[in-house]
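Pasting a structure below so you can have a look.
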Amino acid sequence: MSETGELIIKFKRGVTEDDARDAATAAGGTVRRRMRTDGPDEVMLLVRVKDGGLDALEASMKANAQVELTERNQGGFVLR
C-alpha cells in the first residue's frame, strides 16, 4: 500500500472541532473531513498535506498536547 499524503489525527476528548481544525491548519495541513467516531465528543480528522510535508505535519501534530494519536492514511482501500 502506498501513502496518500494524508494523516488521520485523533484529538483528546474535549477538544472542539474548531480547535482541532485550527491546529491541523496551523501545522500546514488541509482538513479533508471529520471522520466518524464512537461519540460526538470525539474529534478525528483526515488531513492532507502537499509536496512531501507529511513528516513535518506528523511531527507537529504528535507534539501538540491536544492530540491523542496520529496515523498515516494508507492507499489501497476501496469502498463498495
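The values are calculated or read from the model by the stated rules, or taken from the named source; none is laboratory data. Computed from a predicted structure; not experimentally measured. Don't worry about glycine lacking a Cβ; one is built from the backbone with ideal geometry, like all the others, and counts go over all protein chains shown.
Which pairs turn up if I take residues in the stretch 63-75 that are exposed (fewer than 15 other Cβ atoms within 10 Å of the Cβ) and look for partners that are part of a loop (DSSP other than H, G, I, E, B) and at pLDDT 95 or above with beta carbon separation below 6 Å, at least 6 apart in sequence or on another chain?
What qualifies is 68/12.
Answer yes or no as to whether residue 57 is assigned to a helix (DSSP H, G or I) and surrounded by 13 or more Cβ atoms within 10 Å (Cβ to Cβ).
Here the answer is yes, as residue 57 does meet what is asked.
Scan the stretch 37-76 residue by residue and report those that are more than 12 Å from residue 9 (Cα to Cα) and of a type in the set (D, E, K, R).
Within the stretch 37-76, 38, 41, 50, 51, 55 meet the criteria.
State whether the residues of the stretch 30-49 include one that is surrounded by 17 or more Cβ atoms within 10 Å (Cβ to Cβ), part of a loop (DSSP other than H, G, I, E, B) and of a type in the set (Val, Ile, Thr).
Taking every residue of the stretch 30-49 in turn, at least one turns out to be surrounded by 17 or more Cβ atoms within 10 Å (Cβ to Cβ), part of a loop (DSSP other than H, G, I, E, B) and of a type in the set (Val, Ile, Thr).
Looking at the stretch 1-15, which of its residues are modelled with pLDDT under 95 and not hydrophobic (A, V, I, L, M, F, W, C)?
2, 3, 4, 5, 6, 13, 14
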